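**Student:** Could you have a look at this structure, given as structure tokens, before my questions?
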Amino acid sequence: MWCRRLACLLKGLCQPRGSTRRHAPWLPRDRRTVPAAAARWHHTAPESLKCAWQLHGDHLELRYANTLMRFDFVWLRDHCRSASCYNAKTNQRSLDTASVDLGIKPKAVRVDETTLFLTWPDGHVTRYGLEWLVKNSYEGQKQQVMHPRILWNAEIYRQAQVPSVDCQSFLETDEGLKEFLQNFLLYGIAFVENVAPTKEDTEILAERISLIRETIYGRMWYFTSDFSRGDTAYTKLALDRHTDTTYFQEPCGIQVFHCLKHEGTGGRTLLVDGFYAAEQVLRQAPDQFELLSKVPLKHEYVENVGDCHNHMIGVGPVLNVYPWNNELYLIRYNNYDRAVINTVPYDVVHRWYAAHRTLTAELRRPENELWVKLKPGKALFIDNWRVLHGREAFTGYRQLCGCYLTRDDVLNTARLLGLRA
């Protein structure tokens, strides 16, 4: 769904480059060249239409696995995986990209059932597996998502009956850790049960999957209603749904909550899948989705309490998407911390307010609200780039601990366990 509107946005990028290039491609045909006017599709074998290719003035066109791909000649030379161009031990490029002639074109091309062979003017031969080309082509990427997910409202999540993972299994086995991470990647939230209700044990839990990200709130923090920080969260008041640290240039990726003690009533945690709500906006009002993904806003945190003096500003749109497939990867939504809107011109700001209202209405639908009572021993991990959280008002003494995790390290742990992340 994320790529509906991308084609028109990138239309200009898909045209052949300027007329300074010569348009006389070399076409291998019985070891002879033929003029561009005679360009035609070549097949790997007369009886097979599985793979076909055609040379143009500045690119190779390849049809394979039901995908029509176009490869710039410089790209084909730059990504060569031969021993002289790529270090397979370090998985790093050895070729100096800036040394490649921008007008380069192969002098010979051959394709068999599995491999593309390119011979360059200096005699160097580049080989590409056709499956690798499908996976790494621009056209192939447009058909894929970076991070597979299951979008949910409250009923979808409950029916999925996503299990919590036992603390011992989480800490001591790859199977338990992998199950936890798979749940987290798919749903944006995951729980660990039977955790000792201490800050120290919660820290051990967090470090199992990531480095802990130290911020202006410290490394591990206690969370009570003593207003020790200049933030509404440090009160007993209800908190509307939001994502944290929108005022950072890069908002924190994962948040960990563990309720250590609550002697009172209320205080349930609210969870809302922001990507599910955004998907509804995309379906119902694609123009508004596009506006929310393009208009940059400032978010601000100003604090002068005790020894805490901070002035943080983060800038970015509410919805952040990958430009090649329009896949949503981050939602920056916090009405408490949104700064003065001075980055939007007059003729756009009213339309932005209407789009924001549409998204907010989706986020506030009761059927999208998952309410969870956090109790000692049950730790909650939240994808802060996706899932919004909030809280109902409470009475009595309530103490939580938690931390932020570096997103890169969590995804790294998942990939090392064989998960797509």
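**Student:** Identify the residue in segment 186-226 that is under 26 Å from the mean Cα position of the chain (by Cα) and part of a helix (DSSP H, G or I) and, among all such residues, is surrounded by the fewest Cβ atoms within 10 Å (Cβ to Cβ).
**Tutor:** E207
**Student:** Can K294 be described as of a type in the set (K, R) and surrounded by 16 or more Cβ atoms within 10 Å (Cβ to Cβ)? Step through it out loud before you land on a result.
**Tutor:** Numbers: of a type in the set (K, R): yes; surrounded by 16 or more Cβ atoms within 10 Å (Cβ to Cβ): no.
No.
**Student:** Can V372 be described as crowded, with 19+ Cβ neighbours inside 10 Å, at pLDDT 95 or above and either β-branched (V, I, T) or in contact with an Asp or Glu (Cβ under 6 Å, 6 or more places away or on another chain) (or both)?
**Tutor:** no
**Student:** Further question on the same structure: Before we move on, is R338 over 30 Å from S137 (Cα atoms), assigned by the TED database to the domain that holds N183 and touching a His at 6+ places or on another chain (Cβ under 7 Å)? Explain how you work it out, then say what you get.
**Tutor:** Numbers: over 30 Å from S137 (Cα atoms): yes; assigned by the TED database to the domain that holds N183: yes; touching a His at 6+ places or on another chain (Cβ under 7 Å): yes.
Criteria met by R338.
**Student:** Go through segment 274-290 and give me each residue that's surrounded by 15 or more Cβ atoms within 10 Å (Cβ to Cβ) and out of contact with any strand residue (DSSP E or B) (no Cβ under 6 Å at 6 or more places or on another chain). Don't jump to the end; show me each part of the working.
**Tutor:** Here is the first cut: in segment 274-290, the residues surrounded by 15 or more Cβ atoms within 10 Å (Cβ to Cβ) are 274-282, 285, 288-290.
Those that are surrounded by 15 or more Cβ atoms within 10 Å (Cβ to Cβ) and out of contact with any strand residue (DSSP E or B) (no Cβ under 6 Å at 6 or more places or on another chain): Y276, A277, E279, Q280, V281, L282, A285, Q288, F289, E290.
**Student:** K261 - would you say it is outside any loop (DSSP other than H, G, I, E, B), out of contact with any Leu (no Cβ under 6 Å at 6 or more places or on another chain), within 30 Å of K378 (Cα to Cα) and open to solvent by 60 Å² or more (accessible area, probe 1.4 Å)? Step through it out loud before you land on a result.
**Tutor:** On the way: outside any loop (DSSP other than H, G, I, E, B): yes; out of contact with any Leu (no Cβ under 6 Å at 6 or more places or on another chain): yes; within 30 Å of K378 (Cα to Cα): yes; open to solvent by 60 Å² or more (accessible area, probe 1.4 Å): yes.
Spelling it out, K261 is indeed outside any loop (DSSP other than H, G, I, E, B), out of contact with any Leu (no Cβ under 6 Å at 6 or more places or on another chain), within 30 Å of K378 (Cα to Cα) and open to solvent by 60 Å² or more (accessible area, probe 1.4 Å).
**Student:** Restricting to segment 390-421, and then to whatever is under 16 Å from the mean Cα position of the chain (by Cα) and without any contact (Cβ under 8 Å) to a residue 60 or more places away in the chain, can you tell me which residue is surrounded by the fewest Cβ atoms within 10 Å (Cβ to Cβ)?
**Tutor:** Here the answer is R415.
**Student:** Counting residues that are surrounded by 14 or more Cβ atoms within 10 Å (Cβ to Cβ) and polar (S, T, N, Q), which strands (runs of 3 or more DSSP E) fully inside segment 54-160 reach at least 1? Steps first, please.
**Tutor:** Values: elements: 59-64, 67-72, 108-111, 115-119, 125-129.
Passing ranges, in order: 67-72, 115-119, 125-129.
**Student:** Let me ask another. Out of curiosity, is V387 surrounded by 15 or more Cβ atoms within 10 Å (Cβ to Cβ), among the β-branched types (V, I, T), at pLDDT 95 or above and over 18 Å from the mean Cα position of the chain (by Cα)?
**Tutor:** Details: surrounded by 15 or more Cβ atoms within 10 Å (Cβ to Cβ): yes; among the β-branched types (V, I, T): yes; at pLDDT 95 or above: yes; over 18 Å from the mean Cα position of the chain (by Cα): no.
So V387 does not fit the description; no.
**Student:** Here's something else I'd like to know. Please go through segment 163-185 and give me each residue that is assigned to a helix (DSSP H, G or I), closer than 23 Å to R149 by Cβ and touching a helix residue (DSSP H, G or I) at 6+ places or on another chain (Cβ under 9 Å), ordered by number. Quick ask: steps written out before the conclusion?
**Tutor:** The initial filter retains those residues of segment 163-185 that are assigned to a helix (DSSP H, G or I), namely 167-172, 174-185.
If we keep only those that are closer than 23 Å to R149 by Cβ as well, we get 170, 174-185.
If the condition is that a residue be assigned to a helix (DSSP H, G or I), closer than 23 Å to R149 by Cβ and touching a helix residue (DSSP H, G or I) at 6+ places or on another chain (Cβ under 9 Å), then F170, E175, G176, L177, K178, E179, F180, L181, Q182, F184, L185 are the ones that fit.
**Student:** Something else: Which pairs do you get when a residue that is among the small types (G, A, S), found in segment 53-77, comes within reach of a residue that is assigned to a helix (DSSP H, G or I), reach meaning Cβ atoms under 8 angstrom, with the pair 6+ apart or on two chains?
**Tutor:** G57/A36; A65/L130; A65/E131; A65/V134
**Student:** Scan segment 320-335 and tell me whether some residue there is more than 20 Å from the chain's Cα centre (by Cα) and of a type outside the set (A, V, I, L, M). Break it down into steps so the answer makes sense when it comes.
**Tutor:** The first filter runs over segment 320-335 and keeps only residues more than 20 Å from the chain's Cα centre (by Cα), leaving 335.
Within this subset, residues satisfying the condition of being of a type outside the set (A, V, I, L, M) are 335.
Checking segment 320-335: at least one residue is more than 20 Å from the chain's Cα centre (by Cα) and of a type outside the set (A, V, I, L, M).
Results for (1) within 32 Å of the chain's Cα centre (by Cα); (2) of a type outside the set (D, E); (3) assigned by the TED database to the domain that holds L411, shown as yes or no for each residue.
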{"position": "L62", "(1), (2), (3)": "yes, yes, no"}
{"position": "Y86", "(1), (2), (3)": "yes, yes, no"}
{"position": "P106", "(1), (2), (3)": "no, yes, no"}
{"position": "G123", "(1), (2), (3)": "no, yes, no"}
{"position": "N136", "(1), (2), (3)": "yes, yes, no"}
{"position": "V162", "(1), (2), (3)": "yes, yes, yes"}
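**Student:** What about Y329, is it closer than 24 Å to V162 by Cα, touching a Lys or Arg at 6+ places or on another chain (Cβ under 6 Å) and assigned to a strand (DSSP E or B)?
**Tutor:** Details: closer than 24 Å to V162 by Cα: yes; touching a Lys or Arg at 6+ places or on another chain (Cβ under 6 Å): no; assigned to a strand (DSSP E or B): yes.
When the stated conditions are applied, Y329 does not pass them.
**Student:** Now, a different point. Answer yes or no: is there a residue in segment 340-348 that is under 26 Å from the mean Cα position of the chain (by Cα) and crowded, with 20+ Cβ neighbours inside 10 Å.
**Tutor:** Within segment 340-348, none of the residues are under 26 Å from the mean Cα position of the chain (by Cα) and crowded, with 20+ Cβ neighbours inside 10 Å.
**Student:** Here is a list of conditions, (1) closer than 25 Å to K261 by Cβ; (2) at pLDDT 95 or above; (3) in contact with a strand residue (DSSP E or B) (Cβ under 7 Å, 6 or more places away or on another chain), and F223 meets all of them except one; can you say which number that is?
**Tutor:** (2)
**Student:** Can I ask one more? Being out of contact with any Phe, Trp or Tyr (no Cβ under 9 Å at 6 or more places or on another chain) and part of a strand (DSSP E or B) is the filter here, so list the residues in segment 393-417 that pass it. Explain how you work it out, then say what you get.
**Tutor:** Here is the first cut: in segment 393-417, the residues out of contact with any Phe, Trp or Tyr (no Cβ under 9 Å at 6 or more places or on another chain) are 393-397, 406, 408-409, 411-413, 415-417.
Correct list: F394, Y397.
**Student:** Consider R357 against the criteria (1) open to solvent by 40 Å² or more (accessible area, probe 1.4 Å); (2) in contact with a strand residue (DSSP E or B) (Cβ under 9 Å, 6 or more places away or on another chain): it satisfies all of them except one. Which criterion is unmet?
**Tutor:** Unmet condition: (2).
Conditions (1) small (G, A, S); (2) assigned to a strand (DSSP E or B), marked per residue:
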| residue | (1), (2) |
| --- | --- |
| Y247 | no, no |
| A277 | yes, no |
| V302 | no, yes |
| V340 | no, no |
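The values are calculated or read from the model by the stated rules, or taken from the named source; none is laboratory data. Here the structure is a predicted model, which means the values were calculated and not measured. Every residue, glycine as well, gets a Cβ built from its backbone with ideal geometry; the counts of neighbours run over all protein chains shown. Heavy atoms of the whole protein, side chains included, go into the accessibility calculation; ligands, DNA and RNA do not. Shrake-Rupley method; radii C 1.70, N 1.55, O 1.52, S 1.80 Å.
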